[in-house]
Each structure stands twice: as C-alpha cells, then as structure tokens.
C-alpha cells in the first residue's frame with residue numbers, strides 16, 4: 001500500500017455513526033474515572049491531548065518514518081519545549097539562516113540559562129562539522145537526515161517548508 005493511501009486509512013478516529021471522515025472532537029475536558037485521577041480514554045484536557053491531535057501526530061510520524069511525533073500550536077511553542085529540554089552548559093548548532101526571532105530568543109533568553117550556540121551553513125557539511133563542539137546537544141535546522149547517523153545529537157526541523165513527505169517520498 002502506498003504511503004498516501006495508508007495515511008487515509010490508518011490512525012483515524014472511529015465514529016459510532018460509521019462516518020468515513022474522522023469527526024472533529026471539540027470537547028475541552030474528558031470523562032474521568034471514579035478516582036478523579038485517571039481517564040478511561042486517556043485524555044485529560046484538549047490543549048494537552050485530544051483524539052484529533054493524537055490522530056494527526058500518528059499520521060505525521062508515519063509520514064516521516066518516525067517512532068512518534070509531538071505537535072504544537074506554534075513554532076515558538078515547539079522551540080521552547082526543545083530548548084527547555086537542554087541543560088545549562090549545552091551547545092546548539094543553528095542554521096545561519098534560522099528565523100531571526102528564534103535566533104534572538106536563543107541569544108537573549110536561553111543564553112541566560114547557560115545555553116550557547118553557533119551559527120553554521122547547513123548546506124556546507126564542513127562548516128557544520130566545524131561548528132560542532134564537545135558539548136553540542138542539538139542540531140537545529142532542516143534536512144539533516146544525511147549528516148549524522150550516530151545519534152549523538154538531537155536534531156529537529158520545523159515544517160514551514162513541508163520537508164517530511166518530500167524527503168521520504170511516497
């Protein structure tokens with residue numbers, strides 16, 4: 001089955017009406033068990049997780065051939081989560097054409113938390129290798145699939161350019 005066909009048929013929300021398209025779940029809170037701590041369907045609050053977000057993340061993970069996916073409402077929310085996962089003293093290599101506001105936030109906010117960064121030309125493997133330091137923990141840029149297969153670094157890329165399906169094919 002081609003990827004495009006598989007994405008239509010997998011990870012859909014099952015609706016008791018038999019609707020072919022997944023319904024849009026508009027609830028903000030979900031049913032709790034009697035203990036008031038656990039949820040029978042696993043959903044607590046729609047901003048944290050909901051059936052539509054869950055289906056989206058599964059489809060994107062499948063598109064990218066990844067084990068999992070986390071979606072955010074904005075690029076800044078995604079970047080904040082990623083940068084906050086780093087520790088004081090960690091180093092980031094960022095593409096020299098990184099969105100200016102993101103570069104400003106790393107320079108002004110996260111530098112105060114002990115993160116450092118280097119800008120590199122991600123189209124030049126030599127420049128990228130030279131920017132990596134012993135404390136580098138994150139490569140922040142697009143289309144890094146072929147750069148480092150050792151899994152020594154975390155890497156991420158935004159989907160502003162819609163790279164996933166085009167890089168994987170299908």
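Does the stretch 60-81 contain any residue that is part of a loop (DSSP other than H, G, I, E, B), over 30 Å from residue 4 (Cβ atoms), under 21 Å from the mean Cα position of the chain (by Cα) and modelled with pLDDT of 85 or more?
no
Restricting attention to the stretch 97-116 and to residues that are surrounded by fewer than 17 Cβ atoms within 10 Å (Cβ to Cβ) and in a loop (DSSP other than H, G, I, E, B), the residue that is farthest from the chain's Cα centre (by Cα) turns out to be 114.
Residue by residue, here is whether (1) over 11 Å from residue 93 (Cα atoms); (2) at pLDDT below 80; (3) outside the structural domain of residue 83 (by TED's automatic domain parsing) holds:
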residue: 133; (1), (2), (3): no, no, no
residue: 146; (1), (2), (3): yes, yes, no
residue: 151; (1), (2), (3): yes, yes, no
residue: 154; (1), (2), (3): no, yes, no
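Looking at the stretch 1-50, which of its residues are in a loop (DSSP other than H, G, I, E, B) and either in contact with a strand residue (DSSP E or B) (Cβ under 8 Å, 6 or more places away or on another chain) or touching a residue at least 40 places away in the same chain (Cβ under 8 Å) (or both)? Listed by number, the residues that qualify are 2, 10, 11, 12, 13, 28, 30, 44, 46. If you go through the stretch 15-28 and pick out every residue that is surrounded by 10 or more Cβ atoms within 10 Å (Cβ to Cβ) and within 25 Å of the chain's Cα centre (by Cα), you end up with 4.
The values are calculated or read from the model by the stated rules, or taken from the named source; none is laboratory data. Source: prediction; values computed, not measured. Every residue, glycine as well, gets a Cβ built from its backbone with ideal geometry; the counts of neighbours run over all protein chains shown.
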